[in-house]
Structures are given as structure tokens and as C-alpha cells.
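The values are calculated or read from the model by the stated rules, or taken from the named source; none is laboratory data. As the structure is a prediction and not an experimental result, all values here were calculated from the model. Here the Cβ positions follow ideal geometry from the backbone for every residue, glycine too, while neighbour counts run over all protein chains shown. In case anyone asks, the SASA skips ligands and DNA or RNA and just uses the protein heavy atoms, side chains included. Shrake-Rupley method; radii C 1.70, N 1.55, O 1.52, S 1.80 Å.
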Amino acid sequence: MTVQEFGKLPNGETVQLFTLRNKNGVETAITNYGGIIVTLKTFDGKGLLADVALGFETLAGYLGKHPYFGAIIGRYGNRIGKARFTIDGVTYTLAKNDGENSLHGGNEGFDRKLWKARTESGPDSQTLVLSYTSPDGEEGYPGTLETEVRYTLRDDDTFRIDYLAKTDKKTVVNLTNHTYFNLAGQGNGDILNHEIQINASRFTPVDEGLIPTGELRPVDGTPFDFRKPVRIGARIDADDEQIRRGRGYDHNFVLDREGEGLSFAARVTEPSTGRVLEVWTTEPGMQFYTGNFLDGTITGKAGKVYPRRSGFCLETQHFPDSPNQPSFPSTLLEPGKEYRSTTLWKFLTAQPRK
Ligand code: GLA
């Protein structure tokens with residue numbers, strides 16, 4: 001594990017970049033600004049490494065406007081309808097940063113905080129431990145929220161994320177990571193030929209502002225049925241109201257969980273390289289987002305531009321707008337209780353198909 005300076009914030013604070021490398025050579029560089037995963041180098045079916053995460057080479061890129069590349073999202077991943085929610089009769093108002101709604105924690109979410117960092121190493125793993133205390137009332141959310149995110153790279157080519165939070169007042173929490181993957185290598189075209197399998201029999205359809213209607217809709221007979229592997233591009237422009245609202249896929253899937261603990265969520269294969277990503281999680285949901293808002297105006301690493309649908313996100317989470325949807329699994333966190341969430345990204349390989 002190595003540490004270097006990544007740059008300075010406008011207020012003069014120093015930002016660090018940590019590089020973790022496992023015994024096989026899988027490597028990730030992570031900054032304590034936003035807990036952003038800057039690079040993620042994994043092997044293909046022929047043993048070649050490529051960086052599969054979209055992002056920037058310099059801190060300046062991340063300080064500018066960008067769609068949450070690689071970042072920790074909090075306090076609340078995805079949307080809260082009308083940017084408000086009520087706990088015990090008190091209504092809390094958030095910034096409307098996505099039409100009428102609140103998205104990804106507000107104007108200055110966890111993706112824009114400088115996290116405290118320390119490192120740990122085990123016999124078969126290395127961990128970057130990031131912590132941040134969000135003051136009571138920050139971005140409109142009640143309670144002082146003590147947050148810890150542990151990023152662990154293991155020698156079995158698994159990348160593990162553990163989220164932990166505690167509060168001193170009742171609040172809502174939904175943490176995730178917003179890495180955009182392209183398993184052909186970042187900047188190498190769109191992701192439409194990737195094949196994805198999602199372990200979900202239902203999804204949460206949305207209104208025009210991408211707020212769930214409350215229905216848990218079966219995927220049977222819809223472009224959202226990924227229970228068997230399908231090309232991402234096969235039905236992404238289908239004549240379907242939900243596809244139109246998402247401008248492609250931008251939906252929360254209700255995972256078919258088996259008991260408590262880590263459960264299989266998704267498997268993505270890039271056929272030309274044989275790179276495979278599996279996602280396992282303790283969460284009940286996962287946002288499958290196909291980079292529909294990318295538009296080629298951002299230049300990322302190695303001078304690559306990121307056109308529409310050149311990355312996909314698998315944001316493990318509780319369902320969007322849960323604070324306003326009593327029938328969804330609860331995102332309420334009470335004092336004395338712990339918020340805990342774990343997601344694994346397993347990097348595997350298959351025989352390249354061309
Ligand atoms: C999430 C949302 C998308 C979009 C991206 C960031 O995945 O669901 O609608 O806002 O973040 O651009």
C-alpha cells in the first residue's frame with residue numbers, strides 16, 4: 001500500500017491518494033476526497049490488466065462538476081421525493097438538486113467531503129478505512145452521523161466495501177458507491193455489449209421524476225427481466241414507459257435475497273475481454289444505471305471522453321424514496337443502533353469470445 005498527495009482543496013487542505021495492490025497485481029487507487037475510487041485495474045481472460053473505472057487523473061477533475069464518478073454517496077443514495085421527509089411528526093427539508101427532488105445527499109454530499117483515512121493490513125488483504133462525521137442538520141438531515149467506510153482489496157480479487165453509521169438523533173441513511181464500470185477498459189466505447197444478469201424478480205417503477213410509485217412490479221415480460229444474462233443493449237431503447245422515463249436503465253431492482261447476509265445481486269460479463277464482475281450485497285436493492293446522462297462532454301483518464309452509456313453503475317442500496325414509502329424496507333436509523341451494509345465486487349474472468 002502506498003500513499004501520495006493527490007492535491008489540495010481550495011481551503012488548503014491536503015488530499016491523499018492511496019494505492020492498494022493485491023498479490024496477483026489487481027490494483028486500486030482511492031482518494032480520501034469523497035472516498036472516490038480513482039482507478040480499478042483488473043485482469044481480463046488473457047491476463048491483461050485494464051482500468052475499468054471511469055474518472056479523472058487529477059483532483060481538479062473531481063472538484064469540478066461530474067456525475068459522482070467512483071464516489072461514496074450519502075447521507076442518502078438516490079432520490080427523496082419532493083426533497084422532504086418526516087420523522088415523528090417533524091418535517092425535514094432538503095435541497096432540491098434534481099428537479100423537485102433531492103438526489104445523492106444534496107448539494108454537498110459525502111462525495112464532496114474530505115474523509116479521515118487510515119490503513120490496515122491483514123494476511124490476505126489491505127484495507128483503507130475512511131471516516132467522516134456529518135454534523136447535525138448538514139444538508140437538512142437530523143442527527144450527528146458518524147460514518148465509516150472500509151474499502152478492502154483481498155488476494156482473491158474481491159473488493160469489499162463495509163459501511164457503518166451511528167447517529168445521536170433519529171435520521172435516515174442509505175449509503176452506496178457510485179463507480180461507473182466499463183469492463184472493456186474505461187473510455188473503450190459503450191457498455192451495450194456487456195451481458196448482465198440481475199438476481200431480481202421485481203423492480204420499483206418510477207414516475208417522471210424517477211421517484212418510485214410504490215409498486216414492486218414483476219420483471220416478467222418486461223425489458224427489466226435480467227434473471228438470465230442479457231446484453232445490456234438488447235432492450236435499452238425498447239418502446240416501454242419505464243425505459244423512456246429512465247432514458248434507458250436507471251431503476252432500482254428488488255433483489256431476490258436468500259436470508260440475511262451477503263446475497264448474489266448481479267453478474268456482468270464483457271465478452272470481448274472475458275472480464276467478469278459479480279456483485280454481492282446485504283442490501284435489499286440495487287440501482288442499475290447505464291450512464292444515460294453521460295454525453296461526451298467529460299474528458300476522463302488517458303484523454304478518453306465518456307459518451308452516452310460508456311459506463312454502468314450497480315449501486316447497492318435501500319430503495320429510493322424509502323423515507324416517504326412506508327411499505328419499503330426502512331432506512332430509519334435510531335440512536336443506539338448501528339447502520340451496517342456490505343457489498344462485494346468479485347473480479348473474475350471468462351474465455352474471451354472474439
Ligand atoms: C444515479 C441516478 C441517475 C443519475 C446518476 C448520476 O444513478 O439514479 O439518475 O442521477 O446517479 O448522474
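For the range 40-59, filtering for residues that are open to solvent by 20 Å² or more (accessible area, probe 1.4 Å) and polar (S, T, N, Q) leaves 1. From the list Glu120, Glu100, the lone residue that is of a type in the set (Asp, Glu), surrounded by fewer than 16 Cβ atoms within 10 Å (Cβ to Cβ) and without any contact (Cβ under 8 Å) to a residue 60 or more places away in the chain is Glu120. Based on what the data block shows, is Ala302 closer than 20 Å to Ile37 by Cβ and open to solvent by 30 Å² or more (accessible area, probe 1.4 Å)? In short, yes.
Suppose we keep only residues that are open to solvent by less than 30 Å² (accessible area, probe 1.4 Å) and in contact with a helix residue (DSSP H, G or I) (Cβ under 7 Å, 6 or more places away or on another chain) within the range 313-328. Which one would you say is nearest to the ligand (Cβ to nearest atom)? Only one residue fits best here, namely Asp321.
Number of residues in the range 3-38 that are surrounded by fewer than 20 Cβ atoms within 10 Å (Cβ to Cβ) and under 13 Å from Gly70 (Cα atoms) equals 0. Residues in the range 92-116 that are assigned to a strand (DSSP E or B) and within 16 Å of the ligand (Cβ to nearest atom): 4 in all. Scanning the range 49-91 for residues that are more than 11 Å from Asp111 (Cα to Cα), within 14 Å of the ligand (Cβ to nearest atom), of a type in the set (A, V, I, L, M, F, W, C) and part of a loop (DSSP other than H, G, I, E, B) yields one hit, Leu54.
Contact map, the range 209-222: first residue without any contact (Cβ under 8 Å) to a residue 12 or more places away in the chain and within 16 Å of the ligand (Cβ to nearest atom), second residue outside any loop (DSSP other than H, G, I, E, B) and among the acidic types (Asp, Glu), Cβ cut-off under 7 Å, separation 6 or more or different chains; the map is empty.
Selection of the range 247-273 for residues being surrounded by fewer than 20 Cβ atoms within 10 Å (Cβ to Cβ) and not basic (Lys, Arg) yields Asp256, Glu258, Gly259, Glu260, Gly261, Leu262, Ser263, Phe264, Pro271, Ser272.
Looking across the range 333-354, the residues that are over 15 Å from Leu48 (Cβ atoms), in a strand (DSSP E or B) and either open to solvent by 70 Å² or more (accessible area, probe 1.4 Å) or among the polar types (S, T, N, Q) (or both) come down to Arg340, Ser341, Thr342, Thr343. Here the range 123-158 is the region considered, the condition is being open to solvent by less than 30 Å² (accessible area, probe 1.4 Å) and among the β-branched types (Val, Ile, Thr), and the residue that is farthest from Val173 (Cα to Cα) is Thr158. Restricting Asp190, Asp220 to those that are part of a loop (DSSP other than H, G, I, E, B) and in contact with a strand residue (DSSP E or B) (Cβ under 9 Å, 6 or more places away or on another chain) reduces the list to Asp220. Looking for something open to solvent by 10 Å² or more (accessible area, probe 1.4 Å), under 29 Å from Lys82 (Cβ atoms) and free of Cβ contacts under 8 Å to residues at least 40 places away in the same chain - is there at least one such residue anywhere in the range 192-203? No, the conditions are met nowhere in the range 192-203. Across the range 321-332, the number of residues qualifying as outside any loop (DSSP other than H, G, I, E, B) and either over 29 Å from Phe264 (Cα atoms) or of a type in the set (Gly, Ala, Ser) (or both) comes to 1. Take the conditions (1) more than 27 Å from Gly12 (Cβ to Cβ); (2) charged (D, E, K, R); (3) open to solvent by less than 10 Å² (accessible area, probe 1.4 Å); Arg75 misses just one of them, which is (1).
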